[in-house]
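One structure is given below, encoded as structure tokens.
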Amino acid sequence: MKQHNGGAQDAWQGVSAPLRPLAKALPEHARAHNRSLVLQHLFHEGATSRADLARVTGLNRVTASDLVAVLLAEGLVTELGAHHQGKVGKPAILVAMRTAAFQIVTVDVATGRTVRGRLVDLRGHLLREAEVDTGGRSGAALTALVVRFVRRLLSLASAPVIGVGVAAPGIVDAAGVVVESPSRGWFGVPLADELTRALGVPVFVANDANAAVLCEYTFGGAGGAGLMVLLVAEGVGAGLMLDGARVRGNSDGAGEIGHVRVVEEGGLSCSCGRFGCLETVLSVRALEDRLAGLDEEAVQETLSQVGTQLGIALAPVVSVLNLAEVVLSGPRSLLAGTVRERAEREVQERTMPAIGRGFRIRMAARSGDDIQAGAAVLVLSRRLGVS
Ligand SMILES: [Zn+2]
């Protein structure tokens, strides 16, 4: 494996192509780009001959063969032997990605008082998992706990680990600095750098909802043209993909929809210090508190009201960004029925037909483990250009 090269990595991922060139194209950018084209195809389409790799990537045969030679030497791909593709000509040798030959550690620091972690292969298949109670730690003490926890997971690895993906709540910038995470006591913490230095393995950090959107894109079959994943847990946040790229926004806060006011009068107080935010009606605890002790009719009435409030909050976002779908990640028992249906209808009624007609709200493909699966995609995309 090549060592992490920031410049080349950034050329493949995360940021949509700028409208005007901002720096000269370097040869290593082109190599990294082409290499990721080859790996991307092998990851999603399976074993392929060198000739077909050249055809589908648009590379010439020599370039494609050279790239395969480098990937073979690195152990990232293997040859599967001869394969007859037609009646004439000599059989082609297929090349496949060795997705079980490397591993990834994923960590979810976003959920409650527990830090959860997994060791997975490059396809995201679970090999080992572990969790640890934070014991109420925050700030530097929590960082130290995460270091010890990841060390334990790394010690369980049975193949080289290409990286560690960490999902954290709050605002995280492109370099893995946790800009603001009140619940974890991290403010301006260069978490990716600190963990990389402590562990000796490349570590990448993303916001939890942004990890979830990567999971939907890579493992959930979602298109990246206009996708929002709305994470409903302790808080409410969203991750966005537009035109094939993750949306970060001006200060890395894109997707922070939980603190948009949806209750105009008599709203409950919110963790942000204001009143009537979306989070005060849609977070898991808010929903459970409101539904406690109600009969079935009142439950449906309440869920319908919440769905309407969600739809009202989503409609301008869906319309401005022309989103194809909003994916709900959270408890099915609370979200999959009335809330989902009511919110979808509300958005359709509040947007022009060309936008609302094809728009859907659905449940996440892998609700429950999408944050960790997305943390694995974070590593795949940053290390291999695959997502
Ligand atoms: Zn709020």
Among DSSP beta bridges whose residues both lie in segment 103-197, state the antiparallel percentage, nearest 5. 75
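Mind checking the full-extension length gain between HIS33 and MET352? Use 0.36 nm per residue of separation minus the Cα-Cα distance, one decimal, nm. Can you show the working numbers first?
Values: separation 319, 0.36 × 319 = 114.84 nm, distance 3.83 nm.
Extra length from HIS33 to MET352 when fully extended: 111.0 nm.
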Give the long-range amide H neighbours of GLU180: residues separated by 5 or more places, or on another chain, with amide H under 5 Å away, using H modelled in the peptide plane at 1.01 Å from N. ILE171, GLY188
How far, in degrees from 0 to 90, does helix 61-74 lean away from the longest principal axis of the Cα atoms of the chain, to the nearest 10? 80
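Express as a percent, rounded to the nearest 5, the fraction of DSSP beta bridges in segment 222-363 (both residues included) that run antiparallel.
Working: 11 of 20 bridges.
Roughly 55 percent of the beta bridges in segment 222-363 run antiparallel, per DSSP.
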Alpha carbon convex hull of segment 222-363, projected area averaged over orientations, nm²: 8.6
Given an 8 Å cut-off on Cα distances and at least 6 residues of separation, report the relative contact order of segment 90-193 as a percent. 26
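With a 1.4 Å probe and all protein chains left in place, how much of the accessible area of segment 222-363 comes from carbon and sulfur atoms, in whole percent?
About 50 percent, which is the carbon plus sulfur part of the accessible surface.
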Rounded tilt (10° steps) of 296-321 against the dominant C-alpha axis of the chain: 50
In what sequence, largest accessible area first, do SER269, SER319, SER333 appear using a 1.4 Å probe? SER333, SER269, SER319
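May I ask you to derive the relative contact order of the chain, considering only C-alpha pairs under 8 Å and at least 6 residues apart, and to give it as an integer percent?
16
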May I ask you to evaluate 6.51 cos²θ - 1.76 cosθ + 1.60, the Karplus curve with θ = phi - 60°, for each residue of segment 331-341 and list the ³J(HN,Hα) values in order in whole Hz, giving x for glycine and proline? x, 4, 4, 8, 10, 6, x, 4, 4, 4, 4
Take ALA175 and VAL260, extend 7 Å from each Cα along the Cα→Cβ direction, and tell me the distance between the two endpoints in nm. 3.1
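What percent antiparallel are the DSSP beta bridges of the chain, to the nearest 5?
Details: 36 of 56 bridges.
Taking every DSSP beta bridge with both residues in the chain, the antiparallel ones total about 65 percent.
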Would you calculate, for the chain, the mean residue ellipticity at 222 nm contributed by helices, counting each DSSP H stretch of 4 or more residues as -39,500 (n - 2.57) and dividing by all residues, to the nearest 500? -12500 deg cm²/dmol
Angle between the chain longest axis and helix 208-219 axis [Cα atoms, degrees, rounded to 10]: 50
Suppose all protein chains stay in the model; what accessible area per residue would a 1.4 Å probe give for the chain, in Å²? 46
FRET efficiency, ARG197 to ASP243 (Cβ-Cβ, R0 56 Å, nearest 0.05): 0.95
Modelling each spin label as a point 7 Å along the Cα-to-Cβ direction, I'd like the GLU131/PHE275 distance in nm, to one decimal. 3.7
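Could you order ARG360, ARG20, ARG31 by accessible surface area, starting with the largest, using a probe radius of 1.4 Å?
Details: ARG360 110, ARG20 175, ARG31 135 Å².
From most exposed to least exposed: ARG20, ARG31, ARG360.
The values are calculated or read from the model by the stated rules, or taken from the named source; none is laboratory data. Quick caveat: nothing in here was measured; it's all calculated off a predicted structure. Note that each Cβ is placed from the backbone with ideal geometry, even for glycine, and that neighbours are counted across all protein chains shown. With ligands, DNA and RNA removed, areas are computed over all heavy atoms of the protein, side chains included. Shrake-Rupley method; radii C 1.70, N 1.55, O 1.52, S 1.80 Å.
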